[in-house]
Amino acid sequence: MNLQQRQEIYETAKSWIFEAGNEIREHMNGPLGIETKSNPNDLVTVLDKQTEKFFVDRIHESYPEHHIIGEEGFGDTLSNVDGTIWIIDPIDGTMNFIHQKRTFAISIGILHNGIGEIGFVYDVMGDNLYHAKRGEGAFKNDIQLAPLDRKKKLEESIIGMNHFWLCENRVVDYKVTQKFVRTVRGTRTIGSAALELASVAEGVQDAYLALSLAPWDVAGGIILNHEVGGVAGDVDGNAWNPLERASAVVANPAIHSAIIEFLKEGRK
């Protein structure tokens, strides 16, 4: 993807995101048609589906050769990362959207031959757009985000993670994660992986840990983090795979290795 192509796709996607955000705000207080998916806490609304279809229809019309991975089933089933792929979460943080009417995001990551080219995380209710193009830095609205502080220490870090890390799980022994929580300066839970990753890119948090996330949860935010020097992968230190659901550790580069080593102690 050359510079001209990247810029054109970026501008088009940006306009679609603002249009979709306006539609969500306009209709969010109407009937949501709430349904469950894999479990009672895995929620989806009519607006999740409508928003994803909005993007898919426009991508098919404007870029018929591009591929799509989407949370709500309107995309493609892919076995490789060849070509240009849009990875879309129409409303990341659906539980927040339903219960709180805030702290949710539209997340889009655009890859070309497996390389993150464009990333967006749009805080719909805050009207804050985090955005990045490969090699050009990451921004919050019109302000460029600074490179992450490479002198950060684990003991001085704020980590995004939810309470499931502190319970019995199949990834890391909970006694180790409890020790981890006592070691770092503090932990936070936003309830939207996309906004968690935007916070890491902004330097508001220093890392985000998740037990199991799909590509659409993290694609936009990982591209943001790459542009400020962040490191993304799973709890074993493997690089992010945009076609697989996996655990996630996205962190300031100064503490990424320390987090991986800490979690290895309790790896099952």
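Values as computed for the structure displayed
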read-out: Cα gyration tensor shape of the range 168-227, rounded if a/c is under 1.5, else prolate or oblate by comparing a/b with b/c; value: oblate
read-out: Positive-end extreme of charge dipole, the chain - chosen from Val172, Gly119, Ala146 (charges on Cβ); value: Val172
read-out: Rounded if a/c under 1.5, otherwise prolate or oblate - the range 138-198, Cα gyration tensor axes; value: oblate
read-out: In degrees, nearest ten, helix 174-183 long axis to first principal axis of the chain (Cα); value: 80
read-out: Residue-span extension gain [Asn22 to Gln100] - 0.36 nm each, minus C-alpha spacing; value: 26.3 nm
read-out: Over the chain - Rg/Rh using Cα atoms and the Kirkwood inverse-distance radius; value: 0.95
read-out: Listed residues Ser192, His163, His67: farthest to the positive end of the dipole of the chain (Cβ charges); value: His163
read-out: Cα-based convex hull, the range 43-134, per residue volume (Å³, whole number); value: 92
read-out: Residues of the range 89-132 with amide N under 16 Å of a point placed 7 Å along Cα→Cβ from Asn80; value: 112-115
read-out: Contact order relative to length of the chain, as percent, for alpha carbon pairs under 8 angstrom and 6 or more apart; value: 16
read-out: Nearest-0.05 FRET efficiency for Arg150 and Lys264, computed from C-beta distance (R0 25 Å); value: 0.65
read-out: Extension reserve of the His163-Asp142 stretch, reckoned as 0.36 nm per residue once the Cα distance is removed; value: 4.1 nm
read-out: The range 3-144 - charge dipole about Cα centre, Lys and Arg +1 at Cβ, Asp and Glu -1, debye rounded to 20; value: 320
read-out: Zone of Asn29's modelled label, taken as backbone nitrogen in the range 171-196 under 19 Å from a point 7 Å along Cα→Cβ; value: none
read-out: Rounded, prolate or oblate (a/c below 1.5 giving rounded, otherwise prolate when a/b exceeds b/c) for the range 98-251 by Cα gyration tensor; value: rounded
read-out: Cβ-derived FRET efficiency at R0 45 Å, Ile115 paired with Thr183, nearest 0.05; value: 0.85
read-out: Cβ-Cβ FRET estimate between Val46 and Gln7, R0 fixed at 35 Å, reported to 0.05; value: 0.55
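No lab work stands behind these numbers, since they all come straight from the coordinates. Bear in mind the structure is a predicted one, so any value in this text is a computation, not a measurement. Virtual Cβ from ideal backbone geometry, glycine too; neighbours counted across all protein chains shown.
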